[in-house]
Amino acid sequence: MANGMGHYYEVVGMDRHGEFSKFFSSLRSRRSTNTNQLKILEIGVGSGPNMMEYSQSGLELEVTGIDANPYMEDFAEKNARISGVPFHFVLGDVGKLPLPDDSFDAIVSTLVLCSVPNPNVALKEACRVLKPGGIFFYWEHVRSPDNNLLRLQQRFLEPAQQVSDNT
């Protein structure tokens, strides 16, 4: 995988894969009889670490990924090619999606809402482009409890994360 989060995904991989399996099962049951292909929007696609999940879903998917970091495009496209996933990269802000209303069967967001300046706006935008009856799948991490060394480190590193995500 062309990204720096390989170790993290090794640690959480089984849980994450299990949750994706449930998500794909829900998509199968809601799929329209008019089309076999499902349109997925991944917000904060980054380097495309979920591409292998899409390719193993057993579903015919068309994935659009949006990210504010232009340097992620090549990585995401490479991971899509390796995984055999039809993919289109959009450079943009998840708080102002340059996409039409009701255009996606599902929205995927993994480990991104923590780095979005206004998650509420991003969620409203996701709902706007999600088709009625569509599915919003998210996998997030949370801050450590208060008065904890890890929490202090998270607070210290948060500005750096914001800068790197918006470069």
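Please give the number of the condition residue 80 fails out of (1) in a loop (DSSP other than H, G, I, E, B); (2) in contact with a Gly (Cβ under 7 Å, 6 or more places away or on another chain); (3) closer than 21 Å to residue 17 by Cα.
Every listed condition holds for residue 80 apart from (1).
With 101, 146 as the choices, which residue is modelled with pLDDT of 95 or more, loosely packed, with under 13 Cβ neighbours inside 10 Å and either in a helix (DSSP H, G or I) or of a type in the set (D, E, K, R) (or both)?
Result: 101 is the single residue among 101, 146 that is modelled with pLDDT of 95 or more, loosely packed, with under 13 Cβ neighbours inside 10 Å and either in a helix (DSSP H, G or I) or of a type in the set (D, E, K, R) (or both).
Condition first: surrounded by 13 or more Cβ atoms within 10 Å (Cβ to Cβ), touching a helix residue (DSSP H, G or I) at 6+ places or on another chain (Cβ under 9 Å) and closer than 18 Å to residue 135 by Cβ. Can you find one or more residues in segment 62-80 that meet it?
Within segment 62-80 (the criterion being surrounded by 13 or more Cβ atoms within 10 Å (Cβ to Cβ), touching a helix residue (DSSP H, G or I) at 6+ places or on another chain (Cβ under 9 Å) and closer than 18 Å to residue 135 by Cβ), the answer is yes, since at least one residue qualifies.
Within the group 53, 140, which residue is acidic (Asp, Glu), open to solvent by less than 50 Å² (accessible area, probe 1.4 Å), modelled with pLDDT under 95 and on the phi < 0 side of the Ramachandran plot?
After applying the criteria, what remains is 53.
Please work out which residue is least open to solvent (accessible area, probe 1.4 Å), limiting yourself to segment 83-96 and to residues that are more than 19 Å from residue 129 (Cβ to Cβ) and assigned to a loop (DSSP other than H, G, I, E, B).
Taking the candidates together, the pick is 85.
Just one of (1) among the acidic types (Asp, Glu); (2) closer than 19 Å to residue 131 by Cα; (3) open to solvent by 50 Å² or more (accessible area, probe 1.4 Å) trips up residue 42, so point out which.
Exception for residue 42: condition (3).
The values are calculated or read from the model by the stated rules, or taken from the named source; none is laboratory data. Remember, it's a predicted structure, so these values are computed and weren't measured experimentally. Note: ideal-geometry Cβ built from the backbone for every residue, glycine included; neighbour counts use all protein chains shown. Ligands, DNA and RNA are stripped out before the accessible areas are found, and what is left, the full protein with its side chains, is counted by its heavy atoms. Shrake-Rupley method; radii C 1.70, N 1.55, O 1.52, S 1.80 Å.
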